[in-house]
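Worksheet for the structure shown next.
The values are calculated or read from the model by the stated rules, or taken from the named source; none is laboratory data. In this text the structure is predicted, and so the values were computed from the model without any measurement. Every residue, glycine among them, receives a Cβ derived from its backbone with ideal geometry; neighbour counts consider all protein chains shown.
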Amino acid sequence: MGKHELPPLPYAYDALEPYIDEQTIHVHHGKHHQTYVNNLNAALEGYPDLQTKTIEDLLRDLSAIPESARAGVRNHGGGHLNHVMFWQNMGPGGGGEPQGKLGDAIKSTFGSFEAFKEQFTKAAMGRFGSGWAWLCLEKGGKLAVLNTPNQDTPLSDGMVPLLTLDVWEHAYYLKYQNRRADFVEAWWNIVNWDDVSSRFEAASK
Ligand code: MN3
């Protein structure tokens, strides 16, 4: 399938203003995400068998990756896939609450949307250092909120990621400095629930 490539941002660089500023998106997408893609391709050099796999397949079974390439795939492949999802999970005109099957599943799992929001925010705030907060579908079909360190994806633990939030400092430092809580609160206004819902419906089939 050739080399992995940085997908274009699915909206304009200033589309998430004022919640995420244009400069942060430029650096985050054009520099940070691009670097994960470049380093993933470098990590796969000399492994023609791995080069034919999708990024999802590589991360779904890290034990199948030769040890010499595993950390590169985990860190840079995870960095690539997590950011692809992060961009798609957001959009202008987002926010509010999910409707339909996802909205119902969130209410029956967490009690209410507000309770879910609280739990997700706690996962985002509770990740010490760099990492990600997640809403996932577990193997048994149950929704779960968790966080992961570094660029680890719950896909490697057999879950299907539905919604993710990047809480690395590079995601918010230019605008929010050390105020991660303000960034997390602002981010709820740009969650693209249509994207999250379609992931949920595809995974629940
Ligand atoms: Mn990032």
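Numbers below:
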| item | result |
| --- | --- |
| Filter result (touching a residue at least 60 places away in the same chain (Cβ under 8 Å) and either farther than 17 Å from PRO92 by Cα or among the acidic types (Asp, Glu) (or both)) within the range 182-193 | GLU185 |
| Lone qualifier among PHE120, PHE200 - being out of contact with any helix residue (DSSP H, G or I) (no Cβ under 6 Å at 6 or more places or on another chain), part of a helix (DSSP H, G or I) and surrounded by 18 or more Cβ atoms within 10 Å (Cβ to Cβ) | PHE120 |
| Residue count, the range 133-175 (criterion: polar (S, T, N, Q) and either more than 14 Å from the ligand (Cβ to nearest atom) or touching a Phe, Trp or Tyr at 6+ places or on another chain (Cβ under 7 Å) (or both)) | 4 |
| Single match in LYS142, LYS175 (criterion: surrounded by fewer than 21 Cβ atoms within 10 Å (Cβ to Cβ), free of Cβ contacts under 8 Å to residues at least 60 places away in the same chain and farther than 20 Å from ASN75 by Cα) | LYS142 |
| Residue match in the range 65-76 (condition: of a type outside the set (Lys, Arg) and either within 16 Å of the ligand (Cβ to nearest atom) or in contact with a strand residue (DSSP E or B) (Cβ under 9 Å, 6 or more places away or on another chain) (or both)) | yes |
| Residue check for LEU81: of a type in the set (A, V, I, L, M, F, W, C), surrounded by 15 or more Cβ atoms within 10 Å (Cβ to Cβ) and not assigned by TED's automatic domain parsing to the domain that holds GLN151 | yes |
| Every pair of residues 6+ apart whose Cβ atoms lie under 7 Å, when the first sits in the range 104-117 and is modelled with pLDDT of 95 or more while the second is not in a helix (DSSP H, G or I) | ALA105/LEU143; ILE106/PRO98; ILE106/LEU143; THR109/LYS142; THR109/LEU143; PHE113/GLU97 |
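Condition check ((1) hydroxyl-bearing (Ser, Thr, Tyr); (2) within 20 Å of VAL145 (Cα to Cα); (3) assigned to a helix (DSSP H, G or I); (4) within 16 Å of the ligand (Cβ to nearest atom)) across all residues:
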residue	(1), (2), (3), (4)
TYR19	yes, no, no, yes
THR24	yes, no, yes, yes
VAL37	no, no, yes, yes
TRP87	no, yes, yes, yes
ALA105	no, yes, yes, no
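Per-residue answers, yes or no, for (1) free of Cβ contacts under 8 Å to residues at least 24 places away in the same chain; (2) among the hydrophobic types (A, V, I, L, M, F, W, C):
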{"position": "ILE55", "(1), (2)": "no, yes"}
{"position": "LEU59", "(1), (2)": "no, yes"}
{"position": "SER63", "(1), (2)": "yes, no"}
{"position": "VAL84", "(1), (2)": "no, yes"}
{"position": "GLY100", "(1), (2)": "no, no"}
{"position": "ALA123", "(1), (2)": "no, yes"}
{"position": "GLY129", "(1), (2)": "yes, no"}
{"position": "ALA133", "(1), (2)": "no, yes"}
{"position": "LEU146", "(1), (2)": "yes, yes"}
